[in-house]
Structure formats: C-alpha cells, structure tokens
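Worksheet: one structure, shown below.
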Amino acid sequence: MKFSVGDKVNFLNEKGGGTITAIIDSKLVKIMTDDGFEMPVLSADLILDYRALAEDDIFETAAPAAPVQKDIQEPEETVPETTSEINPWGTVKEPKGIYLAFEPHEQQWILTGDMDVVLLNNTSYDMLYNLFFEREGTLEGIDYGSLPADSKVVLETISRDEIENWTRGHLQFMLHKDLPEKLYLPVHTEINIKAGRFFKEGNYLSNTLLQGKAIIVNVMPQAGIEIVSEQEHAKKFGQSSKTQLAQPVKEKPLIEKHKTGMNEAVVDLHIAELIDNIAGLTSHDMLNIQIAYFKKALNSALTNDYTKVTFIHGVGNGVLKSAIIKELEEYEETENKMASISKFGVGAIDVLIKNNE
C-alpha cells in the first residue's frame, strides 16, 4: 500500500498508530506516533486508519472547501538510478537476480481475491527458462520460454484455493547476452514456499519490482550463480573428466538458505517464517523457537566463514531483540549494531563476525 504525508495509520501487529510525516523510500516511512515520538517504520508494518478516512469524507461532504488559488512549486525532476521494464515508474532497489512473485489484485483486502503469479528477470541478461511445479505428487510443466533482460511475465492468475499448487517446484534457466561481462553456467534451483506465508498480511511487502504489495521469492540471486571462468583453472591443468561424475549430495548449510551476497545473509525471525502453524503455542513457546533458530543460523554462519548476518526481529515489544543481544554475549567473536534503517526500519540487528572478516 502506498502512503502519503499526512495519512493517519495504525500499526499492523500491535496497538497504536500515528500520522505519516515523511516518505523515506518505497518501503520506509517516518511517522509521528500518538505518543508524540517520531520514528521510521516499514510500510509493510502499517495500515491506513479507515475510521479517520471516513471522518474526513463526512466533513468534506458536509462543508466542501472553496477553491483557493495557490502558487504550486514544480518539484525538481530527478533521474532514477536505474530504470527497466520491471519498474518503469521508479528505481529497482532489490538485488539482481531471478524472482517469483505473488501479487494480489485486491491491494486493500490483501488476503482475499485472485493473485498474479509473476516471474521476474531482474538481470541485464536474457533468460531461457523451464518451470515445473509439484501437483498432487506429480511434476507438471507450467511454462517455458525466454524472458528479456530487466523484464517480467505473468505466468498465471490464480485463486486462493490454488495456492497449494504453487508452493513446491523447480526452475531451470540459462542467462544469455551477446557481449557478456561474465559467462554463467546453467542453473537448476528448487522452489519451496511455506503455504502459511500466504495467509498473513504482514508477508505481503511493498517492493520496487511491482506496483503493489506482494509475496516476493528470490529464487536465485545473480551473485550466487556459478561463473564458467571459476572452473577454467581445473580444466587447464588436466583435471580428468571423471570429476564430472555424480558425487554424494551434501546437505547445504542452514545459512545458505538466507544468503544475500558474498559471506552475508539476512535471517527473518518472524515466527510465520519459521513454522507453518502456531496453533496451541504460547508466546514463550514461540520465543524459544525463534531463539533456537537464531542460534542455529549464527552457528552455521560461523562455521561457513560468513562475515555478517542480519537478523530481522520486528518492531514489537523488544523481547526477541533483548533475548538475541543476551545470547550474543556468549559469542566473543561477534559484534552487533542496529541494521540499516533505510532497509529494515528499526526492526533488525547486524551481527558482525570478527574472525571471518
């Protein structure tokens, strides 16, 4: 949902609200709370106060204001940093890569109505792709074709009853450019989305890939795609083709699921991201689950030479954040600080791993 300065809003996941005083970017706004404090907040954590809107409509209908002549100062035209067919109205801020998105038609009632399933090629390379999804135990080919650089395609419009058919699948693709800076190997990647994500309003996020809020899945970051030149040394020095034989599959480290760049990761500790069903769980139970996952992710990062992990704890009552900071006292090789407000608001913490820097 897009907000404007002056909008009255409520917090999505807790009591209270305030008035928007500034738009920082497409994902972050600044609000003056009802208590008189000004703070940055993620747009995804806010909802319009429709009671206030209704009151405004009543007053406007009862006593329409006379038109007043005002001198309107033209805003200075700014040139976006990058423009593409994905986002011709602004700047794409998401990392380069291949994305799958689920965008509801009804943005005001985001948990109801049909959704568009969108495949996005947020790279400067053309993409040849082959997409499969598992349905009733059978693998079904959904679509194949080519997608130009910096573009997207709506694969299908689905109802809420069809969500289960779009949670597990496989995407195969190749990147091509006439004069490539890098030559990438073909990619096969699995898609595994928890069905519970579709039934929580907070999981539909504002973004710069689409005009509306959506569930965004980063299927494969471009930084994570293997480059052909990385294999040239082995080929030049006589490594036998036997090395191409299948090897036992090793379980990927937990932290790899959250990798966002070279030796960096972002781990979302919201309970809906960790388990599908919270029925019967107390607040204490959920906190224990979150802390256990935090420790597993951090230990995995330490073992696999990561240098920074950002943990998203949300902007609730601060219990999870306090518990994380207390746990970090046991890790002498780490430092922590508030994560980038422009990216995460005030709901995340950066853990820096000193020995791996």
* Can you give me the number of residues within the range 310-348 that are under 18 Å from Ala297 (Cβ atoms) and among the β-branched types (Val, Ile, Thr)? => 5
* Asked: So is Ala272 outside any loop (DSSP other than H, G, I, E, B), surrounded by 13 or more Cβ atoms within 10 Å (Cβ to Cβ), modelled with pLDDT under 90 and in contact with a Lys or Arg (Cβ under 6 Å, 6 or more places away or on another chain) or not?
  -> yes
* helices (runs of 4 or more DSSP H) wholly inside the range 275-351 containing at least 1 residues that are more than 19 Å from the chain's Cα centre (by Cα) and surrounded by 12 or more Cβ atoms within 10 Å (Cβ to Cβ) -> 283-303, 319-328
* Hey, can you tell me all the residues within the range 23-41 that are at pLDDT 80 or above, in contact with a strand residue (DSSP E or B) (Cβ under 6 Å, 6 or more places away or on another chain) and under 25 Å from Glu94 (Cα atoms)? => Lys30, Ile31, Pro40, Val41
* May I ask you to list the residues in the range 95-128 that are surrounded by fewer than 19 Cβ atoms within 10 Å (Cβ to Cβ) and hydroxyl-bearing (Ser, Thr, Tyr)? => Thr112, Ser124
* Structure fact -> Sole miss for Glu164 among (1) surrounded by fewer than 17 Cβ atoms within 10 Å (Cβ to Cβ); (2) among the charged types (D, E, K, R); (3) part of a strand (DSSP E or B) is condition (3)
* To do: Please work out which one of (1) surrounded by fewer than 15 Cβ atoms within 10 Å (Cβ to Cβ); (2) under 21 Å from the mean Cα position of the chain (by Cα); (3) not charged (D, E, K, R) is the condition Pro148 fails and give its number.
  => (2)
* Structure fact -> When (1) modelled with pLDDT under 85; (2) within 18 Å of Ser206 (Cα to Cα); (3) β-branched (Val, Ile, Thr) are applied to Thr78, the one that fails is (2)
* Only one of Lys200, Lys182 that is farther than 25 Å from Leu111 by Cβ and modelled with pLDDT under 90 -> Lys182
* Which of the residues that make up the range 2-22 are within 23 Å of Val92 (Cβ to Cβ) and among the hydroxyl-bearing types (Ser, Thr, Tyr)? -> Ser4
* Asked: If a residue has to be in a strand (DSSP E or B), touching an Asp or Glu at 6+ places or on another chain (Cβ under 9 Å) and among the charged types (D, E, K, R) to count, how many in the range 167-211 make the cut?
  -> 1
* To do: State whether the residues of the range 254-276 include one that is closer than 29 Å to Glu201 by Cβ, free of Cβ contacts under 8 Å to residues at least 12 places away in the same chain and not basic (Lys, Arg).
  => no
* Mind listing whichever residues of the range 1-18 are more than 20 Å from the chain's Cα centre (by Cα), surrounded by fewer than 17 Cβ atoms within 10 Å (Cβ to Cβ) and not hydrophobic (A, V, I, L, M, F, W, C)? => Ser4, Gly6, Glu14, Lys15, Gly16
* Where residues in the range 11-22 are in contact with a strand residue (DSSP E or B) (Cβ under 9 Å, 6 or more places away or on another chain) and farther than 20 Å from Asn207 by Cα, which of them is modelled with the lowest pLDDT? -> Gly16
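The values are calculated or read from the model by the stated rules, or taken from the named source; none is laboratory data. All values derive from a computational prediction rather than experimental measurement. No Cβ is skipped: glycine too gets one built from the backbone with ideal geometry, and neighbour counts run over all protein chains shown.
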